[in-house]
Each structure stands twice: as C-alpha cells, then as structure tokens.
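Peer 1: Take this structure, written in structure tokens, and hold onto it; I'll ask about it next.
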Amino acid sequence: MGSCIIVGGGIAGLFASILASEKFDSVTLIEGSEKCGGLLKSWKNKQQISFDFGTHILSETANDEMNAILFKGIYEHPELWNSFDVTKVSNSFSGKIYDEAQFIALHHLTEVDYKLALSELLLAPGRSLDEAKNLYEYAVDNYGPIITNKIFRPLFQKMQQAELEELHPNVHIIFAFNRFILSDTTLSKALKKIDKFDSKLAFSSYYDGLSGAKKFYPKERGIELWVEHLCEQAKEKGVEIRLNTQVAKINSDNNHVTQVVLSNGEELNCSQLIWTIPAIFAIRAAGVDYKSSVKPEFCPMSLHHLVFDSPFLDKNYYSNINEFDCDGFRITLYPNILDKKKSNLHHCTVEVLHSELSGNALSAKLADELKALGYVEKNAQLVQSDEIKVPMGFPKFTNEFVNEKVRQVDLLNDSFKNMTLLGKASKTEFFVYGILQETFDAIKKLAHYE
C-alpha cells in the first residue's frame, strides 16, 4: 500500500504505527521530542523515586484485538506489572472525602441544598449537548439550578478560569462532573435502571457495575514502561521512529499528500499521512488558506511531586480534589497502587491547573491542603517537593476553542483525501480509550479501501 507517515509519537501515534505496519510497505513515525509517549512519561527525583506526568492507570478495552496489541508487553511480562480488578478512586467535596467513587456525593451539600438538588435533578426537563449553546444551558436543564450554581460554577471557575456561559456544553465530562452520587443507594440503583437518570447518577461504590476488564500499573519505573513496550513492538513490526524531528512542509497534488519535508530538509514520499498532533500545525505545514480570529487560551498547569514521611490516610489510587478554595485538583497516591506498605517515604503527584503561587510556596500550600482534607496525617512532614510545569498548559474549552478546532479538522479533511486526523487532531475524542478506539477504527477503514 505504499508508505505511511505518522506525525506525533503519543499513544495515538504509537498505536497507529503498529496497526499501519500491517497495511503499508513502510511506516515512519515522526516525534518532535526525545522520547515517544506524550504525557505518558515518568520522572525520578533525587531519591530515585518515580513519578508520572498525571494519573495513568491502564485498563483493558472491550476489544480483544486492541488488547492484544496495546497490552502485548504486559501479557508477555506479567512479572513487571501490578494487576487489579478495580481502579480505586475517591474524591473530596465540601471538605469531605468520599472514599469509594470519583464522583461528587450530593449529600455533602448542606441538608437543605441536597434536598433541593435531588428534587431539581429528578424534575429537570433535559437538553441534549447539540441543543445547548453553552455549559450553563446544559447543566441547568439536566441537573437543576443548585448543582449548576453551587457545584458546576465554582468548580469551573477554579478548573477553567471561566464562567459556564463561556464553556462548551460537554466540558464537564472531562472533569467527571457528568454523574453524581445520592445518599440513598437503593434509590440510586433503582433510578439508574431508567435511561434518563442513568447518565446523571453514579453507583455509590466503584465495586458496583464492574466491567471485568483488568487494570495495570508497573511495579517499578512508572507508566513510561508501557510506552517502551509499544515502541519495541512498533520497531519489531518494522516501524522507523524518528525522534527530535519536526515536519516543516507538506507537499500535495490534486488533494493528495505526496511528500513530507522534515526540519532537516529531508523529503519523505507519502501515500498516507496520519496526523496526531494539533491540526493547526498541519494547516501551517501544508500552506492551507486559513484565517481565524480565535486565539486559544490555556490554564497554566503544573505537576507537584511530593514526598511525605507518613503514610496516606486515603487508601485509593488517586483522588479528585473538588474543593473551591484548594489549588490542587487531583492527587495520585503511588504507594497505594504499588502496595508498598513498608516504605518510610510516601510519594504522590498533585496536579494544579491555576495558582497565584509557584515553586516551594505552592508545594507547601498543597501539602497543607492535603493535611486539612485528611489525605495525610496533620503532623506529616513534607520531606521533598519538585515542580514540573507542563508546556502550554491545559486548554480552556470555550465554545470558540472547540468550534475552531472542529473547523480546522474539517478544513483538512476537505483539503486532503489521504490525511487521517487522530489523537490531538481528533475533533470528537479527548479520553485515551476513546482516542484508541477511534484510531483502531480509522486504520481498519484504511485497510478496507486497500
């Protein structure tokens, strides 16, 4: 089938390269940094303790063919991996930790607000994502005024530095604000049998509704081990991986990409181009006529790798910090995942989307927040802290941002018949497993037209 060039060595690009190796005579993967994996990275501090760039616990999919590729290295080397039946996640809201689910417990509102919120949620008229102009319209018509104004609004002011009226209707799903927990588990289970409420209510425990899919996390070194497995598999399939390399120009003829020119001037012939980094870079490289007045905004994001001298009180793998006045928004509790109960040092990563502080001052504030919320003992000492700032940060999912991204993707799809847009260039998928499924389906479709 000729030559396939894949731009972007994140999880979408790596997976696509392995799939494409079965369909094309040659596959070349272009990655701009020194390693593949994107944010699927690990990092070690001075004490050689491993931390990840965010929370990354792997889970099998419902597709056996995908699993055989994605987890080949894990199946072949089970001695390197911890395996679980359930991903244990908690969350804090209103100063209280709910320790068996990632979703907010509505009964952590005041008693008056909880009763009103429950009534409004049950009587909400409903509105589809396509019908809502913004997140406010979607939230108030599906969850009611109490949840909208006392949960959604302050949390999105924290997470996105924006008002609900500015944000795209589906952004709440990214932060796990699409479902809520009721105090009455019997009522909740009964309501979840009704489609209208199933999408709004969560099980009260992560032990309910288990899929049977196995979860994985490395015993040592962090999540980058998975990336190494995938890179090895790609190379075994004959994929050529070019690191520290960028695309300078895309040449085309009659709406077909014919050649990719690299930053070093090298020219690569191309039968199929798979693009997994933001679409705007393909537009620029191809010289497509494009003008926009929309300037994307980003929330400054940082990762804080903290080490305490005391065990964590929360025994879950990670936790969402849904507190209006806290800078942290998620914490990964590595000793709980690794089951290292005998260690004298206890490490975690706290993710921050916006803060007026930075460096040691912010790390100290985060440590105080974790103590106040009950994630770690109040007399625990912070013995080591490191801050890593994420380049570009986290996008603000305003209507303008999302709609412009869709316009960019549509423009490229209209301009080139042999360019496939996946990963960060996808206009529909954000979560890893949605991206992987879309990638699998897209490469299969290419094979259909062989």
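Read-outs: derived from the displayed coordinates by stated rules, not from any lab. Here the structure is a predicted model, which means the values were calculated and not measured. Please note: Cβ atoms are built from the backbone with ideal geometry, for glycine as well, and neighbour counts cover all protein chains shown.
Peer 1: Starting from the Cα gyration tensor of the range 406-450, take the square roots of the eigenvalues, sort them a ≥ b ≥ c, and report rounded, prolate or oblate (rounded when a/c is under 1.5, otherwise prolate if a/b is larger than b/c, else oblate).
Peer 2: oblate
Peer 1: Need one number: % antiparallel among DSSP beta bridges in the range 1-98, to the nearest 5.
Peer 2: Close to 55 percent.
Peer 1: Which value at 222 nm does the chain reach when only helices count, each DSSP H run of 4 or more adding -39,500 (n - 2.57), with the total divided by all residues and rounded to the nearest 500 deg cm²/dmol?
Peer 2: Helix-only estimate at 222 nm: -9000 deg cm²/dmol.
Peer 1: Another one. Between the range 395-450 and the range 1-67, what is the separation of their alpha carbon centroids in Å?
Peer 2: 17 Å
Peer 1: Ranking 419, 66, 392 by Cβ neighbours within 10 Å, fewest first, what do you get?
Peer 2: 392, 66, 419
Peer 1: Same structure again: Classify the range 269-354: rounded, prolate or oblate, from the alpha-carbon gyration tensor (a ≥ b ≥ c, eigenvalue square roots; a/c under 1.5 rounded; otherwise prolate if a/b is larger than b/c)?
Peer 2: Prolate shape, in that a/c is at least 1.5 and a/b is the bigger ratio.
Peer 1: A further question on this structure: What relative contact order, as a whole-number percentage, does the chain give when Cα pairs under 8 Å and 6 or more residues apart are counted?
Peer 2: Worked out over the chain, it gives 22 percent.
Peer 1: Right, here's the next one. Taking a ≥ b ≥ c as the square roots of the eigenvalues of the Cα gyration tensor of the range 2-139, is the shape rounded (a/c under 1.5), prolate (a/b larger than b/c) or oblate?
Peer 2: Prolate is the answer for the range 2-139, as a/c is 1.5 or above and a/b outweighs b/c.
Peer 1: If packing is taken as the average count of other Cβ atoms within 10 Å, what order do 22-33, 258-269 fall into, highest mean first?
Peer 2: Answer by packing, highest mean first, reads 22-33, 258-269.
Peer 1: log10 I(q)/I(0), Debye, Cα-only the range 103-198, no solvent, q = 0.14, 0.20 Å⁻¹?
Peer 2: Each listed q corresponds, in turn, to -0.48, -1.00.
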